[in-house]
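The values are calculated or read from the model by the stated rules, or taken from the named source; none is laboratory data. These numbers come from a predicted model, not from an experiment. Cβ atoms come from the backbone with ideal geometry, glycine included; neighbour counts cover every protein chain shown.
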Amino acid sequence: MSTLTALAKALAVERGAAQPCCAVRHVHVSERPLVFVPLAMAGEAGAPLAAMIGDHPQAARLLTVPEPRDRDQRFAFAAELAAIILDYIRCYLGREEMVNAREPRVRFADAPQLLLPNPAGVAFTRLLGRSTRFRRTEGPYAVPENVPLLGRWLTFFAERAEVPPSSLTLPVTQALALHWATGQSPLEDLNLGVLLGWIDPPPGLTGAQAAARAQDPVRCPPAGPATDPTFDNEVLEPRLLAVRTARATGGGRAGQRAKDALAQALASQLAPTWTLMWRAVELLRALPPGAHVSSRWDADKDAFTWHAAQIRDGGPPQPRRDSAVSAARRLAGLEKAQAEYAAQRAFDDPLVMAEHRMTGEAFVGAVTAAEPDRVDATGRRRVLRPRVTVETDDVVLAVPGTVLTSPARPSQQARVVSVAPAGDRTAVLLQLRGGMGRALTPEPGSVPETGEAVCYATFGDGFQRLPDFPAPEDTPWTHGGPPQPYVPSDDDAGEAWS
Amino acid sequence: MTSAAGLAARATEEIMGDLAAAERGVVVDSPPGAGKSTLVLAAASRLAGAGEPVMVVAQTNEQVDDLTDRLAADRPALRIGRLAAGDYVPSARVARHPNVTVATSAADLAGCPVVTGTAHKWALAGDATWPWAIVDEAYQMRSDLLLRVAGRFGRALFVGDPGQLDPFSVVQTERWTGLTWDPMQSAVSVLLRHNPGIAVRRLPVSWRLPEPAAELVSEAFYPFTGFRSGSRAEQRRMTFSAASFGKNAYDLSLETAAGSGWALHELPARHTVRTDQGAVAACAALTARLLQRGPVVYSERSEAGAPVTADRVAVGTAHRDQAQAIRARLRADGLAAVTVDTANGLQGREFDVVIVLHPLSGRRDATAFHLEAGRLCVLTSRHRHACIVVARAGIPELLDAHPSAEPVHLNVPVKFPDGWEANQSVMARLKQWKVKAP
C-alpha cells in the first residue's frame with residue numbers, strides 16, 4: 001500500500017466516507033453491459049445454483065437449478081444461460097468499423113461487456129466455461145447445441161479478466177476499489193454491499209455506518225457465488241428437500257409449488273445484489289473517462305473480433321492448459337499490457353501520477369530556462385536537440401542518461417543531462433528529441449516554454465515490441481521439446497480429480 | 001580433514017568430468033562467493049581449448065562485462081566476441097583488451113571460440129547455433145527467457161545460486177502454477193523438471209564469507225546443502241585506527257561486528273511507515289561512524305591489512321524508497337561513494353562491510369515479499385568481514401504472529417527453506433550479537 005493510499009484510507013475513516021483516489025475513470029463502462037450475478041452451491045466447486053442476469057436494471061432474468069447435484073439440470077441451466085448470453089453477444093456481431101492502422105482491417109464497432117460482482121464471480125465464470133466448452137452435442141451425455149459455445153465465450157470473458165487494462169469483463173468491486181479508498185482493508189473491499197456502503201451511503205447514514213449495516217447477511221445477502229451459510233441451512237436446504245420430496249411423490253402441482261418457493265428464496269438472495277450492481281454502474285458512469293480509456297476499449301474490441309472469428313472459422317475450443325510457448329507468449333503480452341496500463345493511468349490522472357512522484361519515478365516542476373533552437377552539430381547530420389531546465393520540489397531519482405516522458409508530449413524523449421541542487425529545489429537539465437516536426441526549428445508548442453508547468457516520468461506509454469518466441473514445434477529440449485499436437489477427444493471434458 | 005582448497009579443487013574436477021561426459025548439460029549450485037565466475041572462466045577456457053565454440057550467457061551487461069574482462073585477462077591469446085545491443089558502449093574494462101571484439105551481430109563474431117552476451121541479446125541473435133553454452137546466474141533467469149535462448153545451443157553448463165532472489169513478474173496470476181514449464185519459474189527449475197537426468201553439482205566452499213557468516217548463512221538458507229568458509233576465523237580480522245569516545249550504541253555495534261563478524265543493532269520496538277526515519281538515520285550513522293573510525297581489514301588476500309574505503313562498504317534494504325532515503329542522508333554527509341541499494345541491486349556483488357536494514361523492521365505484518373528467504377540471504381551474504389543488521393525490536397514476535405500462510409499447490413516442488421523458517425533461524429543466531437540502541 002502506498003503512502004498516499006494509506007492517507008486516503010485514514011481520511012476515509014476520519015470522515016466516515018470513501019475518498020476518491022482517481023480524478024478520472026480508468027475503466028470503460030458499456031452503454032448496455034450484461035450484469036451476471038451467479039450463485040453456486042456450497043460444497044461443490046462450480047455447481048451453479050442460480051443466477052440473475054440481464055442488460056437492463058428492469059430486465060432481470062432469474063435462472064435456478066432445483067437440484068444442483070443433478071448434472072442434467074446443471075447443463076439445462078447452462079443451456080438457458082447460453083440462450084441469454086449468446087443473444088446478447090449476437091447484438092455486437094453486426095456493426096463493423098474500419099481501422100486505419102498500417103494494415104487497415106475491419107473490426108466490430110463495439111464489444112459486449114460482462115459485469116460480475118467480484119473476482120470470485122470471475123473465477124466461477126472460468127469454471128463454468130471450463131466445464132462446458134468441451135462437452136459433446138451428440139452421443140452419450142450429449143448437451144444442447146449452444147452449451148459448448150457458451151463455454152468458449154465464458155472462457156474468453158474469464159481470460160480477458162486476467163488482462164489488466166481490459167474492461168471486457170469487470171468485477172465491479174475491483175472497479176470501484178480502483179477509484180475510491182474506503183476505511184477498511186482490501187479484503188473487506190471484496191464485499192460489494194459493504195464497499196458501496198462506504199462509497200454511496202443511503203441518506204442519513206455515514207459511509208462507516210452504512211458499511212456496518214451491510215455486514216448483516218440478512219439485510220444484505222452476499223454477492224455470491226458463495227451463499228450465506230445460515231441461508232443455506234435454514235432456507236435453502238428445506239426448500240431443496242421439498243423439491244426432492246415432491247418429485248419423489250410424483251411432482252405435479254406440489255412440485256411446481258416447491259420449485260416456486262425455491263426460486264423465490266433464491267431471488268431474495270440475488271435481488272439486493274442486482275440493485276447494487278446497477279447502482280455501481282451509475283456511480284462509475286458518473287466519473288469522467290480518462291483519455292486512454294477508449295483506446296484500451298479498442299483493444300477489447302480487437303480481442304472480441306478475433307475470438308468471434310475463431311468461432312466462426314471453426315477453430316478448436318481454448319486448450320485446457322497453455323503449452324510452454326503459448327504460456328511464455330501470454331506472460332510477455334500480460335507484462336507489456338500491465339506496464340502500458342500503469343503508465344497510461346498515471347498520464348491520464350494527476351492523482352495517480354502523485355503516487356509516482358512520491359516514489360521519485362516522476363516529478364512536476366516549472367521550466368526555468370529553455371533553448372528551443374539548440375542544434376547538435378557533432379554528428380554526421382545537424383539535428384535539433386533543444387534543452388530545457390526544470391526546477392522541482394519533488395524527489396528526483398533519475399540519473400544522467402535516463403530517458404523521461406512527459407504526459408503532455410508523449411512522443412518526445414527527454415534525456416536527463418544533469419541533476420543538480422538549486423537552493424532547496426532540484427534543477428534537472430533535459431535534452432529533447434522527437435515530436436518537434438522535421439525542420440531544424442521546433443514546431444510551435446512542441447518545446448516547453450519558460451514558466452510552463454511540466455511533468456516528467458521515468459516510464460512512458462510508448463509502443464513496445466513483443467519478444468519473439470520459437471514456434472511451438474521448435475520448443476527446445478529444456479522445456480520438454482515440441483508438444484503433441486492437440487487432437488480433440490472425449491476425455492477433454494474429464495477433470496483430473498473427478 | 002580435507003583443506004578447503006582441496007575440497008573446491010575436487011568439486012571443480014568432478015564438474016569438468018561431468019561436462020565432458022554430459023549428454024545435455026550440468027547444473028552447478030553455488031553458494032555466495034564460492035568461485036562461480038572462476039568456474040565459468042575455467043569451463044569456457046576448457047571447452048574453447050577443446051575446439052568447441054562456446055556461447056556465454058549472463059543476465060546483465062554488467063555481469064557480461066565482468067566475465068569478458070576476467071576471461072580476456074586470463075587468456076590473452078583467446079579471441080573473445082562480445083555480442084551487444086546497438087546502444088551498448090563498451091566499458092573501459094572491456095575496451096582495453098585487444099583480444100575482445102564487440103559486435104551487434106553474431107555473424108560478425110564467427111571466428112571467435114567464445115562469445116559473450118546478455119540473455120536478452122542472445123534471444124535476438126538470429127539462427128546461429130553453438131555446440132555449448134554457459135549460462136551464468138541461471139537461477140535469476142526466468143524460464144521464458146531460457147525458452148527464447150535454448151534453441152541456440154546443444155549442451156549447456158548452468159551456474160547459479162539457488163539461495164538468492166527468485167525471478168519475479170509484475171503480473172499476478174496462478175494460471176500456470178503447477179505446469180512444468182511455468183514461465184514465471186527460474187530457468188533451472190524448468191530445465192530440471194523436464195530433464196531429471198541432468199547432474200546437479202555443488203561448489204562446497206565460500207571464499208567470500210568469513211567463518212561465522214558461512215555458518216549462519218549455510219544453516220539458515222542452505223540447510224540440506226551446507227558449505228564451509230574458505231578462510232579460518234583467525235585469518236579474517238577487522239580493527240579500527242581510531243578509538244571510540246565513551247560507549248555509544250554505534251561504537252558498540254561496530255566493535256561487536258569487528259570482533260565476531262556480526263552485529264544486530266536493535267532499535268526500540270515500534271510500528272513504522274516503510275521509510276522508518278529512525279532506522280534510516282541509524283543505517284546512515286553506522287556507516288558514517290564506521291568510516292570515521294578508519295577500519296582496517298586483514299585477510300588471506302592482504303595479510304598486512306588494507307583500509308576499508310567508502311566503496312568497500314554497502315547498505316542493503318528491501319525497498320527502493322528506503323535505499324533512496326539512506327542515500328540522501330549519506331550524500332549530505334559526503335559519503336556518496338558508499339553503495340546503497342536494494343537486495344536485487346546488490347545481488348552478485350561483494351563488499352568488506354555491509355549494513356542491512358532488516359526487511360521486517362518496524363512492520364506490522366510479514367508478507368511473502370518481506371519473508372522471502374532469497375532477499376535476506378542476498379543481504380546477509382555480501383560481506384567479506386562484517387555485517388551489521390539494523391532492525392526494530394520485535395521481529396521474532398512478528399514472525400510468530402505471522403506463520404507462513406502461502407497456499408500449497410499441487411505439482412509444485414516444495415522449496416526449502418521457506419522464508420519464515422530462514423528468518424527465524426537468522427534472528428535466533430543474531431540475538432547473541434545484539435546491541436540495544438536507545
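Out of everything in segment B:397-438 that is more than 25 Å from the chain's Cα centre (by Cα) and part of a helix (DSSP H, G or I), what residue ends up being nearest to residue B:375 (Cα to Cα)?
Looking at residues that are more than 25 Å from the chain's Cα centre (by Cα) and part of a helix (DSSP H, G or I), I get B:398.
What are the residue pairs meeting all of these: first residue in segment B:109-138, first residue free of Cβ contacts under 8 Å to residues at least 60 places away in the same chain, second residue basic (Lys, Arg) and surrounded by 21 or more Cβ atoms within 10 Å (Cβ to Cβ), Cβ atoms under 6 Å, and 6 or more apart or on different chains?
Within 6 Å, the pairs are B:123/B:148.
Which condition number in (1) more than 25 Å from residue B:203 (Cβ to Cβ); (2) touching a residue at least 60 places away in the same chain (Cβ under 8 Å) is the one that residue B:247 fails?
Result: residue B:247 passes all but (2).
Just to check your reading of the model, which residue among A:410, A:400 is closer than 30 Å to residue B:320 by Cα, more than 12 Å from every other protein chain (Cβ to nearest Cβ), at pLDDT below 90 and within 36 Å of the chain's Cα centre (by Cα)? Show your work before the answer.
Working: A:400 fails: within 36 Å of the chain's Cα centre (by Cα).
After applying the criteria, what remains is A:410.
Is it the case that some residue within segment B:97-118 is within 14 Å of another protein chain (Cβ to nearest Cβ), within 19 Å of residue A:335 (Cα to Cα) and modelled with pLDDT of 90 or more?
No: segment B:97-118 contains no residue that is within 14 Å of another protein chain (Cβ to nearest Cβ), within 19 Å of residue A:335 (Cα to Cα) and modelled with pLDDT of 90 or more.
Between B:68, B:38, B:104, which is without any contact (Cβ under 8 Å) to a residue 40 or more places away in the chain, within 30 Å of residue B:229 (Cβ to Cβ) and among the β-branched types (Val, Ile, Thr)? Lay out the reasoning, then the answer.
Values: B:68 fails: without any contact (Cβ under 8 Å) to a residue 40 or more places away in the chain; B:104 fails: within 30 Å of residue B:229 (Cβ to Cβ).
B:38 is the lone residue from the list that is without any contact (Cβ under 8 Å) to a residue 40 or more places away in the chain, within 30 Å of residue B:229 (Cβ to Cβ) and among the β-branched types (Val, Ile, Thr).
Evaluate the following for residue A:421: is it surrounded by 14 or more Cβ atoms within 10 Å (Cβ to Cβ) and either within 14 Å of chain B (Cβ to nearest Cβ) or closer than 23 Å to residue A:374 by Cα (or both)? Spell out how you get there, then give the answer.
Working: surrounded by 14 or more Cβ atoms within 10 Å (Cβ to Cβ): no; either within 14 Å of chain B (Cβ to nearest Cβ) or closer than 23 Å to residue A:374 by Cα (or both): yes.
So residue A:421 does not fit the description; no.
Just the residues that are in a helix (DSSP H, G or I), in contact with a helix residue (DSSP H, G or I) (Cβ under 6 Å, 6 or more places away or on another chain) and at pLDDT 90 or above, please, taken from segment B:71-93.
B:71 - this is the single residue of segment B:71-93 that is in a helix (DSSP H, G or I), in contact with a helix residue (DSSP H, G or I) (Cβ under 6 Å, 6 or more places away or on another chain) and at pLDDT 90 or above.
For residue B:189, state whether it is assigned to a helix (DSSP H, G or I) and polar (S, T, N, Q).
Working: assigned to a helix (DSSP H, G or I): yes; polar (S, T, N, Q): yes.
Criteria met by residue B:189.
Within segment A:391-412, is there a residue that is of a type outside the set (A, V, I, L, M, F, W, C), crowded, with 20+ Cβ neighbours inside 10 Å and either on the phi > 0 side of the Ramachandran plot or out of contact with any strand residue (DSSP E or B) (no Cβ under 7 Å at 6 or more places or on another chain) (or both)?
No, there is no match, as no residue in segment A:391-412 is of a type outside the set (A, V, I, L, M, F, W, C), crowded, with 20+ Cβ neighbours inside 10 Å and either on the phi > 0 side of the Ramachandran plot or out of contact with any strand residue (DSSP E or B) (no Cβ under 7 Å at 6 or more places or on another chain) (or both).
Given the condition touching a Leu at 6+ places or on another chain (Cβ under 8 Å), within 20 Å of residue B:41 (Cα to Cα) and within 14 Å of chain A (Cβ to nearest Cβ), answer yes or no: does some residue in segment B:193-206 qualify?
Narrowing segment B:193-206 to residues touching a Leu at 6+ places or on another chain (Cβ under 8 Å): B:198, B:200, B:203-205.
Filter once more, keeping what is within 20 Å of residue B:41 (Cα to Cα): B:200, B:203-205.
If we keep only those that are within 14 Å of chain A (Cβ to nearest Cβ) too, we end up with none.
No.
Can you name the residue in segment B:133-179 that is in contact with a His (Cβ under 8 Å, 6 or more places away or on another chain) and of a type outside the set (Asp, Glu) and is also farthest from the other protein chains (Cβ to nearest Cβ) among such residues?
B:177
Considering only segment B:203-242, state which residues are of a type in the set (Phe, Trp, Tyr) and not in a helix (DSSP H, G or I).
First, the residues of segment B:203-242 that are of a type in the set (Phe, Trp, Tyr): B:207, B:221-222, B:224, B:227, B:240.
Across segment B:203-242, the qualifying residues are B:207, B:222, B:224, B:227, B:240.
Kindly establish whether residue B:252 is touching a helix residue (DSSP H, G or I) at 6+ places or on another chain (Cβ under 8 Å) and not β-branched (Val, Ile, Thr).
Numbers: touching a helix residue (DSSP H, G or I) at 6+ places or on another chain (Cβ under 8 Å): no; not β-branched (Val, Ile, Thr): yes.
In short, no.
How many residues, within segment A:460-479, are at the interface with chain B (Cβ under 8 Å from one of its Cβ atoms) and among the acidic types (Asp, Glu)?
From segment A:460-479, those at the interface with chain B (Cβ under 8 Å from one of its Cβ atoms) are A:467-470, A:474-479; that's our starting set.
Then keep just the ones that are among the acidic types (Asp, Glu); that gives A:468, A:474.
Number satisfying all stated conditions: 2.
State whether one or more residues within segment A:68-90 are closer than 22 Å to residue A:242 by Cα, touching a strand residue (DSSP E or B) at 6+ places or on another chain (Cβ under 8 Å) and outside any helix (DSSP H, G or I).
Yes, because at least one residue in segment A:68-90 is closer than 22 Å to residue A:242 by Cα, touching a strand residue (DSSP E or B) at 6+ places or on another chain (Cβ under 8 Å) and outside any helix (DSSP H, G or I).
Could you check residue A:441 against (1) in contact with an Asp or Glu (Cβ under 7 Å, 6 or more places away or on another chain); (2) surrounded by 15 or more Cβ atoms within 10 Å (Cβ to Cβ) and say which number it fails?
(2) is the only condition that residue A:441 fails.
Give just the number: which of (1) away from chain A (no Cβ under 14 Å); (2) in a helix (DSSP H, G or I) does residue B:323 not satisfy?
(1)
Of all residues in segment A:444-474, count the ones that are assigned to a loop (DSSP other than H, G, I, E, B), among the acidic types (Asp, Glu) and closer than 30 Å to residue A:322 by Cβ.
Taking segment A:444-474 first, the residues assigned to a loop (DSSP other than H, G, I, E, B) are A:444-452, A:458-471.
Subset that is among the acidic types (Asp, Glu): A:449, A:452, A:461, A:468.
Imposing the further condition that a residue be closer than 30 Å to residue A:322 by Cβ reduces the set to A:461, A:468.
Within segment A:444-474, residues that are assigned to a loop (DSSP other than H, G, I, E, B), among the acidic types (Asp, Glu) and closer than 30 Å to residue A:322 by Cβ number 2.
Among the residues of segment A:330-389 satisfying the criterion of being among the small types (Gly, Ala, Ser), surrounded by 17 or more Cβ atoms within 10 Å (Cβ to Cβ) and more than 20 Å from residue A:291 (Cβ to Cβ), which is nearest to the chain's Cα centre (by Cα)?
Across segment A:330-389, the extreme among qualifying residues is A:332.
One residue is enough: does segment A:435-443 have a residue meeting the conditions more than 14 Å from every other protein chain (Cβ to nearest Cβ), of a type in the set (Gly, Ala, Ser) and part of a strand (DSSP E or B)?
Narrowing segment A:435-443 to residues more than 14 Å from every other protein chain (Cβ to nearest Cβ): A:435-443.
After this cut, where a residue has to be of a type in the set (Gly, Ala, Ser) as well, the list is A:435, A:437, A:439.
Restricting the remaining residues to those that are part of a strand (DSSP E or B) gives none.
Within segment A:435-443, not a single residue is more than 14 Å from every other protein chain (Cβ to nearest Cβ), of a type in the set (Gly, Ala, Ser) and part of a strand (DSSP E or B).
Under 7 Å by Cβ, and 6 or more places apart or on different chains, what pairs join a residue from segment A:169-188 that is more than 21 Å from residue A:35 (Cα to Cα) with one that is surrounded by fewer than 24 Cβ atoms within 10 Å (Cβ to Cβ) and among the hydroxyl-bearing types (Ser, Thr, Tyr)?
These pairs meet every condition: A:181/A:5.
Looking only at segment B:162-174, count how many residues are crowded, with 24+ Cβ neighbours inside 10 Å and either within 30 Å of residue A:120 (Cα to Cα) or free of Cβ contacts under 8 Å to residues at least 60 places away in the same chain (or both).
Number satisfying all stated conditions: 0.
Tell me which residues, restricted to segment B:271-288, are of a type outside the set (Ser, Thr, Tyr) and part of a loop (DSSP other than H, G, I, E, B).
Residues satisfying the conditions are B:271, B:273, B:274, B:276.
Would you say residue A:297 is more than 14 Å from chain B (Cβ to nearest Cβ), more than 17 Å from the chain's Cα centre (by Cα) and either within 30 Å of residue A:470 (Cβ to Cβ) or not in a loop (DSSP other than H, G, I, E, B) (or both)? Show your work before the answer.
Values: more than 14 Å from chain B (Cβ to nearest Cβ): yes; more than 17 Å from the chain's Cα centre (by Cα): no; either within 30 Å of residue A:470 (Cβ to Cβ) or not in a loop (DSSP other than H, G, I, E, B) (or both): yes.
No, not satisfied.
What about residue A:492, is it away from chain B (no Cβ under 14 Å), among the acidic types (Asp, Glu) and within 32 Å of the chain's Cα centre (by Cα)? Break it down into steps so the answer makes sense when it comes.
Numbers: away from chain B (no Cβ under 14 Å): yes; among the acidic types (Asp, Glu): yes; within 32 Å of the chain's Cα centre (by Cα): yes.
Here the answer is yes, as residue A:492 does meet what is asked.
Anything in segment A:342-390 that is of a type in the set (Val, Ile, Thr), within 26 Å of residue B:323 (Cα to Cα) and out of contact with any strand residue (DSSP E or B) (no Cβ under 8 Å at 6 or more places or on another chain)? List them, or say none. First the steps, then the outcome.
Initially, segment A:342-390 is screened for residues of a type in the set (Val, Ile, Thr), giving A:352, A:359, A:364, A:367-368, A:375, A:378, A:383, A:388-390.
Still in the running and within 26 Å of residue B:323 (Cα to Cα): A:352, A:359, A:364, A:390.
Passing the criteria: A:352, A:359.
Across segment A:5-42, what is the total count of residues that are charged (D, E, K, R) and within 19 Å of residue A:348 (Cβ to Cβ)? If you could, list the steps in order and put the result at the bottom.
Initially, segment A:5-42 is screened for residues charged (D, E, K, R), giving A:9, A:14-15, A:25, A:31-32.
This time we only want the ones that are within 19 Å of residue A:348 (Cβ to Cβ), so: A:25.
Final tally of qualifying residues: 1.
Report whether or not residue B:159 is in a strand (DSSP E or B) and surrounded by 24 or more Cβ atoms within 10 Å (Cβ to Cβ). Walk me through how you get there before you give the answer.
Working: in a strand (DSSP E or B): yes; surrounded by 24 or more Cβ atoms within 10 Å (Cβ to Cβ): yes.
Yes: the conditions hold for residue B:159.
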